[in-house]
Structures are given as structure tokens and as C-alpha cells.
Amino acid sequence: MARTLPELVIRARSLVTGGRRAILGIAGPPGAGKTTLAEYLVATLGSHGAGWVAHVPMDGFHLADVELERLGLRDVKGAPDTFDAYGYAALLRRLHEDRDEMVYAPGFERVLEQPIAGTIGVPRTARLIITEGNYLLLEEPRWRAVRGLLTEVWYADLDRRERLSRLIDRHVRFGKTHEQAVAWSTGTDERNAELIETTRDHADLIVDTSSR
């Protein structure tokens, strides 16, 4: 287990060898600190030059609410089958192939809680891509292709009580009442967290995010 942020930066940088593009995945349950860790790595490694590192979260592949309504999945938004897993794998494949001068990826607007196409540009200069999301290590058929497209996968690990506290605060910050945030965090989010935690041992590195 890498215990310090400088160690994590060095390990992430070392994934790029011979100038070949590498893709680092950060997995973990909701509220575990995946995005915070990814953003720190991007900010620190950005010193290697403009466009050398890019952040492409999995959340842009949420299905839109209108589609979730059609599928009857609106109440379990965030579960594995509420994402376009095949589309996410296709994007990772395109990034891995490293042929295009620019690749645009979808982002996720947390205030609207909706994906938005074409909000993240990844230039050809990007040698390290950092992607983060819940289900990078999931063995379900629609997700299985993802792992093979990632150079390494790290697992963001955090004590359940602290994780739930952070998650509730985040839901409140983006518009839920405290009661709604608690219900969602301990209901839908927690069921997803239990599934994600079964994938922990498949990660290349466990990262304790309690101090991140």
C-alpha cells in the first residue's frame, strides 16, 4: 500500500513508459475520495507540460434520467446497469489506441445530475489518462472489458462511517435535503458500495483516502 501522496504521484508517473499512453483507473465506493485523489494527481502531474495528463471520469456515462425512467431504473440511479458501460469501454479503447488528435468525452453535471456530451477534451499530448468510477473492477459481462483497457487500477479505501459522512455532505451540497441525503446514502448508494467492495481485492493498489 502506497501511504503518501508523493509515493502515489511517483507511481502514477511511472506508468508512462517509452512515451506510450497509460490509463490509470481509480475505483471505489461512493464517497471514498476517488475524484479528490484523481484531481490531486492531475494537478501535481500537470507540471510535466500542458496537456500531459487528463482526467476522464466514468460518471459522464450515467444514463440520462429520461432513459432511466423508460427503463424503470430511476430509483436505483448509480447502480451498474444505469451506466452506458459499453460506451465507457469504447471510449477507453479509443484513448488506449492513441490515434486521434483530440478525443471528446462526456462529463457529469452534479447540480443537474445529468451527463453532458463533449465536455472533456483529451489532446494527443496526453500521455497519462486518469479515469475514476465505481465499477472499474466489476466482473459483470457489460463491465468486464473495462479492466483490460486500464494499465493499473487503484482502489480508494475509506472507513464506512467517514465515507457516509462525506457522501451525505456531498448530496446536501448539490441540492438534497439532509433527510433525502441520508436516505439515498444509506439506501441506493450503500447497496452499490457493498457490491463495489467485493471487487477490492482485484485492485493493483489499495489507497487509504482517510487523510486525503
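The values are calculated or read from the model by the stated rules, or taken from the named source; none is laboratory data. Bear in mind that the values here come from a model prediction, so they are computed numbers and not experimental data. Because the Cβ atoms are built from the backbone with ideal geometry, glycine has one as well, and the counts that use them run over all protein chains shown.
Residue by residue, here is whether (1) surrounded by 15 or more Cβ atoms within 10 Å (Cβ to Cβ); (2) in contact (Cβ under 8 Å) with a residue 40 or more places away in the chain; (3) charged (D, E, K, R) holds:
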| residue | (1), (2), (3) |
| --- | --- |
| 8 | yes, yes, no |
| 16 | yes, yes, no |
| 34 | yes, yes, yes |
| 37 | yes, yes, no |
| 43 | no, no, no |
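Whenever a residue of segment 105-121 is under 19 Å from residue 91 (Cα atoms), its partners that are surrounded by 13 or more Cβ atoms within 10 Å (Cβ to Cβ) and polar (S, T, N, Q), lying with C-beta atoms within less than 6 angstrom and at least six residues away or across chains, give the pairs 107/119. Residues that are assigned to a strand (DSSP E or B), at pLDDT below 95, farther than 13 Å from residue 85 by Cβ and of a type in the set (Asp, Glu) do not occur anywhere in segment 144-155.
Looking across 195, 205, one residue alone is touching a Pro at 6+ places or on another chain (Cβ under 8 Å), closer than 14 Å to residue 28 by Cα and of a type outside the set (Phe, Trp, Tyr). It is 195.
Of the residues making up segment 181-210, those that are more than 15 Å from the chain's Cα centre (by Cα), closer than 26 Å to residue 111 by Cα, among the polar types (S, T, N, Q) and assigned to a loop (DSSP other than H, G, I, E, B) number 1. Summed over segment 138-166, residues that are among the aliphatic types (A, V, I, L, M) and over 15 Å from the mean Cα position of the chain (by Cα) total 3.
Where strands (runs of 3 or more DSSP E) sit wholly within segment 75-143, those with at least 1 residues that are farther than 26 Å from residue 15 by Cα and at pLDDT below 95 occupy 102-109, 114-123. The set of residues in segment 161-180 that are in a helix (DSSP H, G or I) and either in contact (Cβ under 8 Å) with a residue 24 or more places away in the chain or of a type outside the set (D, E, K, R) (or both) comprises 162, 163, 164, 165, 166, 167, 168, 170, 171, 172, 178, 180. Quick check, is residue 129 farther than 17 Å from residue 145 by Cβ and in contact with a strand residue (DSSP E or B) (Cβ under 9 Å, 6 or more places away or on another chain)? So residue 129 does not fit the description; no. Scanning segment 109-137 for residues that are among the basic types (Lys, Arg) and under 16 Å from the mean Cα position of the chain (by Cα) returns a single hit, 110. Residues in segment 27-51 that are more than 28 Å from residue 161 (Cβ to Cβ) and touching a strand residue (DSSP E or B) at 6+ places or on another chain (Cβ under 7 Å): 42, 45, 46, 51. Does residue 59 satisfy the criteria of being in a helix (DSSP H, G or I), surrounded by 13 or more Cβ atoms within 10 Å (Cβ to Cβ) and acidic (Asp, Glu)? Here the answer is yes, as residue 59 does meet what is asked. Of the residues that sit in segment 177-212 and are of a type in the set (A, V, I, L, M, F, W, C) and touching a strand residue (DSSP E or B) at 6+ places or on another chain (Cβ under 6 Å), which one is nearest to residue 158 (Cα to Cα)? Out of the qualifying residues, it is 207.
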